[in-house]
Amino acid sequence: MQIGIDKIGFFAPHLYLDMNKLAEARNIEPEKFTIGIGQEKMAVPPITQDTVTLAANAALNILDEEDKQRIDFVIFGTESGVDHSKSAGVYVHRLLGLNPDARAIEVKQACYGATAGIQMAKGHIALNPDSRVLVLGSDIARYGLETGGEATQGAGAVAMVISADPKILAIEEHHAYRTNDIMDFWRPIYSDKAFVDGKFSNEQYMAFFENIWNQYKEKSGLTLGDFEAICYHLPYTKIGLKALRTILTEADEDKQERLQTNYKASSQYNRNVGNIYTGSLYLSLLSLIEQKKDLPAGARIGLFSYGSGAVGEFFSGVLQPGFQEHLHVQQHEELFASRKEISVAEYEEIFQNTLPADGSDIELNTQDDPAAICLSGVKDHMRQYTNRAD
Ligand code: HMG
């Protein structure tokens, strides 16, 4: 039995900041952001979007009634969750009207959470072939105004249905993974912004990739020539390109060219959204399969997941016949086309406009937020959500 991604959807908030304008405001050459880091636009979440609403909006448009009945496990990967106890998966389960006879949990290991979710989902489907699992990767990346990490912020979510006989990508059996207790990036419970050692985090990303790629080749017997594309966790798009370049010469010249062309397609969405932490690798996969129109069924795609702290994994999947018919390309094109640019001053104001830290009640104006599912306030320490699609 094959197990893998049956459906995949994505959501980003409707506001974005142009990286050229951020560079100008910070007195930095724009090319550092657009070429050196490889980012064009950064998604900016209004106060009416949190990790729950981003994920619920991502899942909303891909699920049909049959999915809602058959999903019996919701796995929510996030490192910017809204509660230390209750899982974000439970909120999403209710907002989407899923079958109550289901499990719903939250998984955390920095940007690795959704990958852990996929592995768990695989095991669940192997034991329960008729069920479907909803895996969510949703985050808001916050480093702070005028910090070294500012240009690598972002917000968004990816939703995937994992099932038997998947229509999009069948996940293959070989996996290579690694854990090492390091402090390259972390966020203590008292802080709403990440702490990071930028240079060290880049070095560790590369070191994990080198180690895990070699381990994977040994375990699987495959070589770079067996891959049509490799998708990376993309905190910013230049880093994946750098990782790819470290192994490119393992393939012949034709393949090298294809891998680089496909890398470009796989980083297009990320370049225009920014880091969405745990959903980032799957946004890159989505970008590849939606933007590279001539990918053949049967093509093997490699996936490199990295979550600071750190856990990394490399695995692969094979595109299924007719996979293009099950994508939501137009919906995603509309999402990008309808976004609104904001100025640096507006971004700074939105960044600082956070929920009351003392837990007092607040009512939020959701009128300016076109998303179907929004956070409408906090009452008696309980987040209030509205769903216009209901
Ligand atoms: P920085 O110090 O601002 O940038 O930090 P830099 O000085 O290293 O420059 C970046 C690149 O721009 C360099 O290229 C420069 O040469 C180039 P490189 O040497 O790397 O190839 N550059 C220019 N290029 C063209 N024209 C110019 C120009 N000027 C300079 N005029 C850094 C950058 C990414 C470190 C910072 O933004 C940061 O700390 N970001 C957050 C951490 C991060 O994203 N780390 C990535 C790996 S860790 C990870 O992926 C996990 C994570 O997602 C979290 C999780 O798991 O939850 C972050």
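Rundown of residues vs (1) within 16 Å of the ligand (Cβ to nearest atom); (2) more than 25 Å from Thr386 (Cα to Cα); (3) not aromatic (Phe, Trp, Tyr), yes/no style:
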position: Val44; (1), (2), (3): no, no, yes
position: Lys86; (1), (2), (3): no, no, yes
position: Tyr91; (1), (2), (3): no, no, no
position: Ala110; (1), (2), (3): yes, yes, yes
position: Gly113; (1), (2), (3): yes, yes, yes
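Within the range 201-235, the residues that satisfy the criterion of being surrounded by fewer than 16 Cβ atoms within 10 Å (Cβ to Cβ) and near the ligand (Cβ under 9 Å from one of its atoms) are Glu203, Met206.
The set of residues in the range 57-89 that are over 20 Å from Ile118 (Cβ atoms) and of a type in the set (Val, Ile, Thr) contains only Val82. Scanning the range 144-197 for residues that are under 20 Å from the mean Cα position of the chain (by Cα) and among the polar types (S, T, N, Q) yields Thr152, Gln153, Ser163.
Which one of Thr78, Thr53 is hydroxyl-bearing (Ser, Thr, Tyr) and either more than 16 Å from the ligand (Cβ to nearest atom) or touching a His at 6+ places or on another chain (Cβ under 9 Å) (or both)?
Numbers: Thr78 fails: either more than 16 Å from the ligand (Cβ to nearest atom) or touching a His at 6+ places or on another chain (Cβ under 9 Å) (or both).
So the residue among Thr78, Thr53 that is hydroxyl-bearing (Ser, Thr, Tyr) and either more than 16 Å from the ligand (Cβ to nearest atom) or touching a His at 6+ places or on another chain (Cβ under 9 Å) (or both) is Thr53.
Take the conditions (1) at negative phi; (2) within 19 Å of the chain's Cα centre (by Cα); Arg132 misses just one of them, which is (2). Of the helices (runs of 4 or more DSSP H) lying entirely inside the range 1-76, the ones with 2 or more residues being open to solvent by less than 20 Å² (accessible area, probe 1.4 Å) are found at 19-25, 51-60. Of note, Glu106 satisfies the criterion of being within 16 Å of the ligand (Cβ to nearest atom), free of Cβ contacts under 8 Å to residues at least 60 places away in the same chain, acidic (Asp, Glu) and closer than 30 Å to Asn353 by Cα. Give me the residue from the range 145-163 that is in contact (Cβ under 8 Å) with a residue 60 or more places away in the chain and farther than 21 Å from Gly77 by Cα and, out of that set, nearest to the ligand (Cβ to nearest atom). The qualifying residue nearest to the ligand (Cβ to nearest atom) is Ala151. Quick one: which strands (runs of 3 or more DSSP E) lie wholly within the range 77-177 and hold at least 1 residues that are assigned by TED's automatic domain parsing to the domain that holds Val44, open to solvent by less than 10 Å² (accessible area, probe 1.4 Å) and in contact with a Lys or Arg (Cβ under 7 Å, 6 or more places away or on another chain)? Correct list: 154-164.
The values are calculated or read from the model by the stated rules, or taken from the named source; none is laboratory data. These numbers come from a predicted model, not from an experiment. A quick note on method: Cβ atoms are made from the backbone with ideal geometry, for glycine too, and the neighbour counts reach across all protein chains shown. For the accessible areas, the whole protein counts, side chains as well, though only heavy atoms, and no ligand, DNA or RNA atoms are used. Shrake-Rupley method; radii C 1.70, N 1.55, O 1.52, S 1.80 Å.
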